[in-house]
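S.K.: Take a look at this one; I'll ask things after.
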Amino acid sequence: MAALLGRSCRKLGFLSSGHGARRSVSTETGKSLNLYSAINQALHIALDSDPRSFVFGEDVGFGGVFRCTTGLAERFGKNRVFNTPLCEQGIVGFGIGLAAMGNRAIVEIQFADYIYPAFDQIVNEAAKFRYRSGNQFNCGGLTIRAPYGAVGHGGHYHSQSPEAFFCHVPGIKVVIPRSPREAKGLLLSCIRDPNPVVFFEPKWLYRQAVEEVPEHDYMIPLSEAEVIREGNDITLVGWGAQLTIMEQACLEAEKEGISCELIDLKTLLPWDKETVEASVKKTGRLLISHEAPITGGFGAEISATILERCFLKLEAPVSRICGLDTPFPLVFEPFYMPTKNKILDAIKTTVNY
Amino acid sequence: MAIWFARSRNLISSLRHNLCLSSTILVKRDYSQRPVFTTSQLSSTVFLSPYVASLRHESTAAEKQLDLVQHSDDQEDALQELDFPGGNVGYTSEMKFIPESSARRIPCYRVLDEDGRIIPDSDFIPVSEKLAVRMYEQMATLQVMDHIFYEAQRQGRISFYITSLGEEAINIASAAALSPEDVVLPQYREPGVLLWRGFTLEEFANQCFGNKADYGKGRQMPIHYGSNRHNYFTISSPIATQLPQAAGVGYSLKMEKKNACAVTFIGDGGTSEGDFHAGLNFAAVLEAPVVFICRNNGWAISTHTSEQFRSDGIVVKGQAYGIRSIRVDGNDALAVYSAVRSAREMAVTEQRPVLIEAMTYRVGHHSTSDDSTKYRAADEIQHWKMSRNPVNRFKKWVEDNGWWSEEDESELRSNTRKQLLQAIQAAEKCDKQPLKELFNDVYDVKPKNLEEQELGLKELVERQPQDYPPGFHV
């Protein structure tokens, strides 16, 4: 409970990209923005820079339930920014059709928990559109945005992290930003990437995360992981909101003399194996953390791959600190979540193996 | 009814007592716990947000019409209206359920009778000799193509095939009624549309054999044709997924101000899918120029329409979405031509979707994996094949006009047959796709994991070629 209150009471300052960061954009100054404002800026830039781009979904017209689409309809008109009927399979199917005609279709699914009706369109249609046509057709202009993850009180249907389902689908990309500055650059890359992309936004960070975000148009590359904190004793890999928790664990571990290297994967499909591999070859230990349930979660893919590539360098088994194998509970959320202390315990166990 | 009035009287009297209001205010309004407004306040749009109010006005065109009808029919209730979100609705104190079906089924538009003669006083768009002959030739070609490819599958030369037997009029006449810029999103029983647009018999054969010349690069089962040159989206097996996509395609054409629409096909079975609802609703709400053509051929594999829906077919569903619709005799090439041509014009000029239900019969089995005699009577199939055949029916009309002879017939059939056999032979002999096409086009650029997998597979194939089919060069 204390951890939960801690989360809700603090405005989280953003995961400093000061430690060993490689992106030049991270050292630029900008305006102090929260996540939904950064995403909003990205959408404004996307629509401004390409007249054949569209934003649509449920309730996006008035600004959206999370305010990510504020001001778009007024600025670009209702022909380009519009509400759709309440039908996820229709939203994504319509988006595929628009994208197949060469437009950029930036689609919003109101909560990742509701993406499943669109799963057939995403897996059987969007992901295979280019391949099955022999590259005569493609829907690369499609970007699907959805808020995901724990929010403190979301329960079964406002907290899910469904990324693992999508990481199993060749033909789409899956991207998850950790902060406002990252979100703007990654979202612009997703929108302009010539492949259909699913972009999960950590809803917990919409208001909670505030960071300096450069005001200009910039893109952060896909399929490139970032070492956001350098260390020597253990590698930690995560994405999205979980990175803040992991960073707190790293800070506490440091007090006990454990040097942690923290990697933001950013793109889960196709993922940057080389960066993680290089790190684990250096540290000899790996810990992966995600909110989604542990069984079949994306951590399993990372673990299996790193085992194949780094077996002889590993000093301890790969550790996964994840959600429990239950539907996302309401009152039990503090017990379900992969908390800082669960991660810290696992860091120590792994280092002392 | 009596209980309702009794309740309302008690409420009114108690409220009147408590609030000292006149009786007129509450009678017409609901009896929830909301604060009481005066009649004029409730009927104005003042307390609704401007956004909602403007939407209401846009959507009330239909309701306004309904109001007029109600006013003329229902004199006592003429002045009484309720302004729910979505527009004014007249109300009635007669409790009346709309029946589950009309007394009369929606009639089927036809021009030619079974003997190929134009029914007197028919509405239809005239078809020139040149167009009529081309339509007939293509219908006959489609028939021959289906028979020969079906046999090729039976002989094990291709793995799978789906015929369009019995649906030649829908295939060809609809295609003839469209412009080449109209974007077609098929289900899978509409190769005639692609044939009409100029896809050659060789190109069909190449896809069925999945050889090096297949535009789809051998990745999908036979009959999953696609051609961007012909504005014919690549077929996919999942049913009805193309319908909401067609709405998006139509919307794009509207935004580009093109003189073109999206045209998409579906069978009777496919209309049960959620994507049918999604596609029609989106096209209607977003005002996309889409022509939805439903081939109601009576069967979804072994499922007869009586097990598919309880409505009067598909045509009645159009109105549920606010979509103009028509039922047409799908075996009457002239009727199909006129209906599709008119629908297309409406879609493009009025920027709206239109629904066409084309009644027909699936003469062939669902596919080469099906034996339909297991679930339907052989003489039912024979009846439709012989006496209700759309190709013969149109042939009679074309012949009666003196535009087609028996020599033309035998020449066309034997030439087409020969051409097809040659196409099959050539396609069979043609090289296979190179192995690299297994890994291309998953993304625009091959990602690292696929580069690794390709290298790994190449090495494996070189080391153990006996494990793999021959002819796939690395």
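S.K.: What is the distance in Å between the Cα centres of segment B:322-348 and segment A:41-118?
M.R.: 32 Å
S.K.: Quick one: which of A:325-338, A:265-278 comes out on top by average Cβ neighbours within 10 Å, and what's the full order, highest first?
M.R.: Result, highest mean Cβ count within 10 Å first: A:265-278, A:325-338.
S.K.: Where does the charge balance sit around A:C260 when Lys and Arg score +1, Asp and Glu -1, over other residues with C-beta under 10 Å from its C-beta?
M.R.: Result for the neighbourhood of A:C260: -4.
S.K.: So how many Å³ per residue does the convex hull of the Cα atoms of segment B:372-417 work out to?
M.R.: Cα-based convex hull of segment B:372-417, divided per residue, equals 87 Å³.
S.K.: Give me the accessible area per residue for the protein assembly as shown, probe 1.4 Å, as a whole number in Å².
M.R.: Details: 36040 Å² over 827 residues.
Dividing the accessible area of the protein assembly as shown by its residue count gives 44 Å².
S.K.: Relative contact order of segment B:170-256: what whole-number percent is it, with Cα pairs under 8 angstrom and at least 6 residues apart?
M.R.: Value for segment B:170-256: 30 percent.
S.K.: Let me ask another. Mind checking B:443-450 for the average number of partner chain beta-carbons within 10 Å of each residue's beta-carbon?
M.R.: Working: counts 14, 7, 3, 1, 8, 6, 7, 2.
Counting Cβ atoms of other protein chains within 10 Å of each residue's Cβ and averaging gives 6.
S.K.: Let me ask something else. Give me the tail of P(r) for segment B:338-414 as a percent: Cα-Cα pairs with distance above 16 Å. The partial results should precede the final answer.
M.R.: Numbers: 2048 of 2926 pairs.
Result for the distance tail: 70 percent.
S.K.: Which number comes out as Rg/Rh for segment A:280-322 once both Rg and the Kirkwood Rh are worked out on C-alpha atoms? Intermediate values should be presented prior to the final figure.
M.R.: Details: Rg = 10.2 Å, Rh = 10.4 Å.
Rg divided by Rh gives 0.97.
S.K.: Another question about this same structure. With axes computed from alpha carbons, what is the tilt in degrees of helix A:88-100 against the longest principal axis of chain A, rounded to the nearest 10 within 0 to 90?
M.R.: Long axis of A:88-100 versus the principal axis of chain A: about 70 degrees.
S.K.: Here is a further query. Determine the relative contact order of segment B:216-341: mean sequence separation of Cα pairs under 8 Å and six or more apart, normalised by residue count, in whole percent.
M.R.: Numbers: 155 pairs, mean separation 25.4, N = 126.
Normalised by residue count, the contact order of segment B:216-341 is 20 percent.
S.K.: In segment A:44-110, what trypsin sites (Lys or Arg not before Pro) fall in a loop by DSSP, with at most 16 other Cβ atoms inside 10 Å?
M.R.: A:R52, A:R67, A:K78
S.K.: Rule-of-thumb check for segment B:363-454: C-alpha Rg over 2.2 N^0.38 Å?
M.R.: My calculation over the Cα atoms of segment B:363-454 gives 1.87.
S.K.: Now for a separate question. State which entries of A:K78/B:K257; B:K212/B:K418; A:K128/A:K281; A:K128/B:K374; B:K130/B:K418; B:K258/B:K395 exceed 28 angstrom in Cα-Cα distance in the structure shown.
M.R.: On the way: A:K78/B:K257 16 Å; B:K212/B:K418 23 Å; A:K128/A:K281 36 Å; A:K128/B:K374 34 Å; B:K130/B:K418 24 Å; B:K258/B:K395 35 Å.
From A:K78/B:K257; B:K212/B:K418; A:K128/A:K281; A:K128/B:K374; B:K130/B:K418; B:K258/B:K395, over 28 Å: A:K128/A:K281; A:K128/B:K374; B:K258/B:K395.
S.K.: Return the Cα extents of segment A:81-155 along principal axes one, two and three, sorted largest first, each rounded to a whole Å.
M.R.: Principal extents (largest minus smallest coordinate, Cα): 46, 24, 16 Å.
S.K.: Taking H placed 1.01 Å from N in the peptide plane, check which residues at least 5 places from A:L286 or on another chain put their amide H under 5 Å from its amide H.
M.R.: A:T235, A:S319
S.K.: Okay, next question. Given only helices, namely DSSP H runs of n ≥ 4 each adding -39500 (n - 2.57), what is the per-residue ellipticity at 222 nm of chain A, to the nearest 500 deg cm²/dmol?
M.R.: Rounded to the nearest 500, it is -10000 deg cm²/dmol.
S.K.: If R0 is 41 Å, what FRET efficiency do you get for B:R229 and B:I301 from their C-beta distance, rounded to 0.05?
M.R.: Step by step, r from the Cβ atoms, then E = 0.80.
S.K.: Just reorder A:H44, A:H290 by solvent-accessible area, largest first, 1.4 Å probe, all chains present.
M.R.: Result, largest first: A:H44, A:H290.
S.K.: Compute, for chain A, the length of the dipole vector about the Cα centre, with Cβ point charges of +1 (Lys, Arg) and -1 (Asp, Glu) only. Units Debye, rounded to 20.
M.R.: Taking the Cα centre of chain A as origin, the dipole is about 300 debye.
S.K.: Amide H of B:Y161 versus every other amide H placed in the peptide plane: which residues, excluding those fewer than 5 positions away on the same chain, fall under 5 Å?
M.R.: Amide H neighbours of B:Y161: B:T368, B:S369.
S.K.: At a Cα cut-off below 17 Å, give the aspartates and glutamates reachable from B:K446, other chains included and same-chain residues fewer than 8 away excluded.
M.R.: A:D193, A:E224, A:D272, A:E274, B:E437, B:E454
S.K.: Taking the dipole about the Cα centre of segment B:155-203, with the C-beta of Lys and Arg at +1 and of Asp and Glu at -1, give me whichever of B:A175, B:S164, B:G198 is farthest to the positive side.
M.R.: B:S164
S.K.: Towards the positive end of the charge dipole of segment B:280-372, with charges on Cβ (+1 Lys, Arg; -1 Asp, Glu), say which of B:H304, B:I326, B:Q351 has the farthest Cα.
M.R.: Checked the options; the winner is B:Q351.
S.K.: Let me ask you something else. Across peptide B:226-234, what mean number of C-beta atoms from other chains lies inside 10 Å of a residue's C-beta?
M.R.: Averaged over the peptide's residues, the number is 4.
S.K.: Turning to a different aspect of this structure: For segment B:306-456, give the magnitude of the charge dipole about the Cα centre (Cβ charges: +1 Lys/Arg, -1 Asp/Glu; no others), in debye to the nearest 20.
M.R.: Values: 23 positive and 26 negative charges, 81 e Å.
Roughly 380 debye, rounded to the nearest 20.
S.K.: Let me ask another. How much accessible surface does B:F160 have with a 1.4 Å probe, in Å² rounded to 10?
M.R.: Approximately 30 Å² for this residue.
S.K.: Run the 1.4 Å probe and let me know the accessible area of A:V318, rounded to the nearest 10 Å².
M.R.: 30 Å²
S.K.: Tell me, what does the Kirkwood hydrodynamic radius of chain A come to in angstroms if you use every pair of distinct C-alpha atoms?
M.R.: 20.4 Å
S.K.: Could you work out how far the C-alpha centroid of segment B:256-297 sits from that of segment A:253-289, in angstrom?
M.R.: Centre-to-centre (Cα) distance: 49 Å.
S.K.: Also, quick follow-up: Starting from the amide H of A:V174, placed 1.01 Å from N in the peptide plane, find each other amide H under 5 Å away whose residue is 5 or more places distant or on another chain.
M.R.: Here A:V198, A:L268, A:L269 satisfy the definition.
S.K.: Rounded to the nearest 10 Å², what accessible area does B:D379 show when all protein chains are kept and the probe is 1.4 Å?
M.R.: Here the accessible area works out near 110 Å².
S.K.: If you don't mind, there's one more thing I want to ask. Kindly work out what percent of the DSSP beta bridges joining two residues of the protein assembly as shown are antiparallel, to the nearest 5.
M.R.: Percent antiparallel among DSSP bridges in the protein assembly as shown is about 25.
S.K.: Ignoring ligands, DNA and RNA, please state the percent of accessible area on chain A from carbon and sulfur, probe 1.4 Å.
M.R.: 55 percent
S.K.: Against the globular-protein guess of 2.2 N^0.38 Å, express the Cα radius of gyration of the protein assembly as shown as a ratio, rounded to two decimals.
M.R.: Against the empirical 2.2 N^0.38 Å value, I get 1.11 for the protein assembly as shown.
S.K.: What FRET efficiency do you get for A:A316 and B:H473 if R0 is 35 Å and r is their Cβ-Cβ distance, rounded to the nearest 0.05?
M.R.: Working: r = 46 Å, r/R0 = 1.32.
After rounding, the FRET efficiency stands at 0.15.
S.K.: Now for a different question. Per 0.36 nm of contour for each residue apart, how much would the distance between B:F160 and B:E114 grow if the chain were fully extended, relative to their Cα-Cα spacing?
M.R.: Taking 0.36 nm per residue and subtracting the Cα distance, the gain is 13.2 nm.
S.K.: Leaving out same-chain residues fewer than 8 places away, which lysines sit with a Cα under 23 Å from that of A:K342?
M.R.: In chain and number order, the partners are A:K11, A:K203, A:K255, A:K266.
S.K.: State, in square angstrom and to the nearest 100, the accessible area buried between chains A and B, both chains counted, probe radius 1.4 Å.
M.R.: Accessible area lost upon association: around 3800 Å².
S.K.: To the nearest 20 Debye, how big is the dipole of the protein assembly as shown about its Cα centre, given +1 on the beta carbon of each Lys and Arg and -1 on that of each Asp and Glu?
M.R.: 1320 debye
S.K.: Calculate how many DSSP beta bridges within chain A are antiparallel, expressed in % of all such bridges and rounded to the nearest 5.
M.R.: So the antiparallel bridges amount to about 20 percent of the total.
S.K.: Sticking with this structure for a sec: Which whole-number percentage describes the relative contact order of chain A, with Cα contacts under 8 Å and a sequence gap of 6 or more?
M.R.: Working: 780 pairs, mean separation 62.7, N = 353.
Relative CO of chain A lands at 18 percent.
The values are calculated or read from the model by the stated rules, or taken from the named source; none is laboratory data. Keep in mind that this is a model prediction, so the values were computed, not measured. Note that we place each Cβ from the backbone using ideal geometry, even for glycine, and neighbour counts take in every protein chain shown. All accessible areas refer to the heavy atoms of the entire protein, side chains included, with ligands and DNA or RNA removed. Shrake-Rupley method; radii C 1.70, N 1.55, O 1.52, S 1.80 Å.
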